[in-house]
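None of the figures in this text is laboratory data; all of them are computed from the coordinates on show. These numbers come from a predicted model, not from an experiment. Note that we place each Cβ from the backbone using ideal geometry, even for glycine, and neighbour counts take in every protein chain shown.
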Amino acid sequence: MGRPFRIPGLIDLIQADARSDIRSLANDARLDRKFDPCGPLINRVLVLRIRNVLRMAGMPLPSVAPRDDAERRAAQDKLRQRLDPAAGKPLWDEETIAGLAAAVRDMPGAPAIGPTTQQAVGRLFVADYRASSESWIAAAVLDAAVHTRNPLRSILLHLSGRLQRSRRLLADLVHRDLAGVHATGIAVHNLVRGFERMRELCKEPRWRSPSSADAVIEQCLFAPPSVLRQAVMPGATVAGAVRAGTLVILGLEAARERTPGRDVEFMEGNWAQCPAAAFVPALLSAVWKRAIAAPAAEVVS
């Protein structure tokens, strides 16, 4: 069962972080991403934050578009096919792999993991995408605007114009591709966490054996902290009863920490499955193989 938080007129929210509950709730037709500003005060504040942050020119980013949005579904299916390594199309270049491998080995003068990862992701959308400290800061601002629990910080990001400038920079770099904005501004942070974990594992000789590669990759797959759904009709769910407007937080990271699995990390088998579910493990694997191919003496311990 989920954990309900209900105060009439103030909040109507359920948190769920059990793996089985997340699977059931993710497929429950009563829960969607329409994010209508309704319900108690805090519900409306949270929904308005999503609508204000994760939209470009009035259009929601794919990660917050509704289930029945035909354009979202078609675009995500097309992107999923394009990002499938099995299709045989190169998804990264030598500069990308060399830079990430050097960062994982923690070599002197190696590029920072954040911008280097952002560049790898950006080149899925624009072949000559070039990340910078400014673009990486912009990604941090966008991510903070979505996930911060400090309402004052969220307000300041809006009022200062930092959020708008950051979102505009990220959009310009991917030629205003909505999926590209999400990938380089939000999803990239999960991949960065994976490479940071990989850097830790690379310092331990027991993991640098090729036979340990699969285990390493599984440790480097990270889910978003949580995803949000909104009830569009009343009914009973595995997490408890919902009313129209009830918000349901799916705690992916908490579920992953107990039992890792790609049905959580990428929402596999769900209508909202991440289109990069095949690409991310393949990129991690390519970087890891390059990193451990270096002489052990080159790995900073």
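Roughly how many debye, to the nearest 20, is the charge dipole of the chain about its Cα centre, given +1 on each Lys and Arg Cβ, -1 on each Asp and Glu Cβ, and no other charges?
Magnitude of the dipole: close to 700 debye.
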Quiz prompt | Spin-label model distance (nm) - Ala29 vs Arg206, 7 Å beyond Cα toward Cβ | solution = 5.0 nm
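Where the convex hull is taken over the Cα atoms of segment 152-301, what is its projected area averaged over directions, in nm²? If you can, show how the numbers build up before the last one.
Values: hull surface 50.7 nm².
Seen from a random direction, the Cα hull of segment 152-301 projects 12.7 nm² on average.
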Self-check item: Label selected from (i) 37, 59, 4; (ii) 33, 60, 7; (iii) 32, 57, 11, 0, the criterion being P(r) over Cα pairs in 20 Å bins from 0, in percent as computed here
Solution: (iii)
Quiz item: Between Ala131, Ala87, Ala213, which gets the highest mean-square fluctuation from a Gaussian network model of the chain, Cα cutoff 10 Å?
Solution: Ala87
Quiz item: So for Val47, Val238, fewest C-beta neighbours within 10 Å to most, what's the order?
Solution: Val238, Val47
Exercise. Let me know the whole percent of all Cα-Cα pairs from segment 107-194 that are separated by more than 15 Å.
Key: 55 percent
Quiz item: Share of antiparallel DSSP beta bridges in the chain, in percent to the nearest 5?
Solution: 80 percent
Self-check item: Computed over segment 219-275, Cα set: Rg, Dmax in Å
Solution: 12.8, 38
Practice problem: For segment 3-39 and segment 188-266, compute the distance between their C-alpha centroids and round to whole Å. | Solution: 18 Å
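Need one word for segment 21-100: rounded, prolate or oblate. Basis is the Cα gyration tensor (sqrt eigenvalues a ≥ b ≥ c); a/c below 1.5 gives rounded, then a/b vs b/c decides. Intermediate results must be reported in sequence, preceding the final value.
Details: a/c = 2.40, a/b = 1.90, b/c = 1.26.
Prolate, because a/c is 1.5 or more and a/b exceeds b/c.
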Quiz item: For segment 78-184, which trypsin sites (Lys or Arg not before Pro) are in a loop by DSSP, counting at most 10 other Cβ atoms within 10 Å?
Solution: Arg149
Quiz item: Looking at segment 189-234, what % of the alpha carbon pairs are farther apart than 13 Å?
Solution: 62 percent
Self-check item: Positive-end residue, segment 63-165 charge dipole about Cα centroid, Cβ charges, pick of Ala145, Gln76, Pro111
Solution: Ala145
